[in-house]
Amino acid sequence: MSSTTVQSLSRATTATFEELALLFPEQELSPEQAAAPLDVAVSVEFRGPQRGRLVLRASSTILSSIAANMLGEDASRERPLQRDALGEIANVICGNVLPAIAGVEAVFHLSAPYVHEGVDVVSRGADEPTASIMFGLENGRAEAVLYLFSDMDDAEPVAQGAVSAA
């Protein structure tokens with residue numbers, strides 16, 4: 001894993017949780033946080049100069065806080081809205097980390113966040129994560145994992161009329 005990519009993912013994830021969900025990620029997990037299961041997952045696929053997926057897994061114990069801080073107290077009790085809030089967090093993280101790793105001129109197309117039933121969300125084939133971070137949040141934890149796929153067959157050019165070196 002590239003330390004620059006890990007740092008970019010860490011900065012984007014921390015800023016998103018702080019600014020959007022009003023929660024402050026902790027680098028050192030408490031015993032309670034470390035024991036909390038990662039039992040909900042969302043992913044955002046992207047394509048452009050690079051193809052990949054951002055996966056955000058979290059402890060369900062923090063979902064009500066995320067939803068309450070983003071959508072109001074009434075939304076914090078509704079499971080679909082809690083998952084939507086987590087999906088929006090993943091979407092914003094993805095949108096913030098891609099310019100940091102590919103440059104601000106790069107254009108990406110992001111899919112809508114997808115909530116996974118199980119938490120064993122893996123990349124296609126044998127692709128390894130490009131970057132991964134884990135942090136504590138309140139009485140739970142979250143993990144952000146970035147996959148950049150190695151196949152570029154159908155990646156979009158950065159700009160119209162882009163010339164590739166042969």
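Do we find that E19 is surrounded by fewer than 16 Cβ atoms within 10 Å (Cβ to Cβ) and either at pLDDT below 95 or within 17 Å of the chain's Cα centre (by Cα) (or both) in this structure? It is true that E19 is surrounded by fewer than 16 Cβ atoms within 10 Å (Cβ to Cβ) and either at pLDDT below 95 or within 17 Å of the chain's Cα centre (by Cα) (or both).
Of the conditions (1) among the acidic types (D, E); (2) closer than 19 Å to P113 by Cβ; (3) modelled with pLDDT under 95, E45 satisfies every one except a single condition; which number is it? Condition (3) is where E45 drops out. What are the pairs, 6+ residues apart or on separate chains, where a residue within the range 57-75 that is free of Cβ contacts under 8 Å to residues at least 24 places away in the same chain has its Cβ under 7 Å from a residue that is surrounded by 21 or more Cβ atoms within 10 Å (Cβ to Cβ)? Short answer, once both residue conditions are applied: L63/V40; L63/Q82; L63/L86; S64/Q82; A67/Q82; A67/A85; L71/A85; A75/A67.
The set of residues from the range 82-141 being at pLDDT 95 or above and of a type in the set (V, I, T) comprises I89, V92, I93, V97, V107, I133.
Checking the structure you have, find out if any residue of the range 11-19 is within 16 Å of I101 (Cβ to Cβ), touching a strand residue (DSSP E or B) at 6+ places or on another chain (Cβ under 7 Å) and of a type outside the set (F, W, Y). The answer is yes, given that some residue of the range 11-19 is within 16 Å of I101 (Cβ to Cβ), touching a strand residue (DSSP E or B) at 6+ places or on another chain (Cβ under 7 Å) and of a type outside the set (F, W, Y). Is it fair to say L54 is closer than 21 Å to S10 by Cα, assigned to a strand (DSSP E or B) and modelled with pLDDT of 95 or more? Here the answer is yes, as L54 does meet what is asked. Listed by first and then second residue, the pairs with beta-carbon distance under 7 Å, at least 6 apart or on different chains, first residue in the range 138-151 and surrounded by 21 or more Cβ atoms within 10 Å (Cβ to Cβ), second aromatic (F, W, Y), are R141/F135; A142/F135.
Could you list, in sequence order, all residues of the range 70-108 that are in a helix (DSSP H, G or I), more than 18 Å from the chain's Cα centre (by Cα) and surrounded by 14 or more Cβ atoms within 10 Å (Cβ to Cβ)? Scanning the range 70-108 gives L71, A75, S76. Residues being out of contact with any His (no Cβ under 9 Å at 6 or more places or on another chain) and in a helix (DSSP H, G or I) are represented in the range 34-48 by at least one member.
The values are calculated or read from the model by the stated rules, or taken from the named source; none is laboratory data. Source: prediction; values computed, not measured. In this analysis, Cβ positions are derived from the backbone assuming ideal geometry, glycine residues included, and neighbour counts consider all displayed protein chains.
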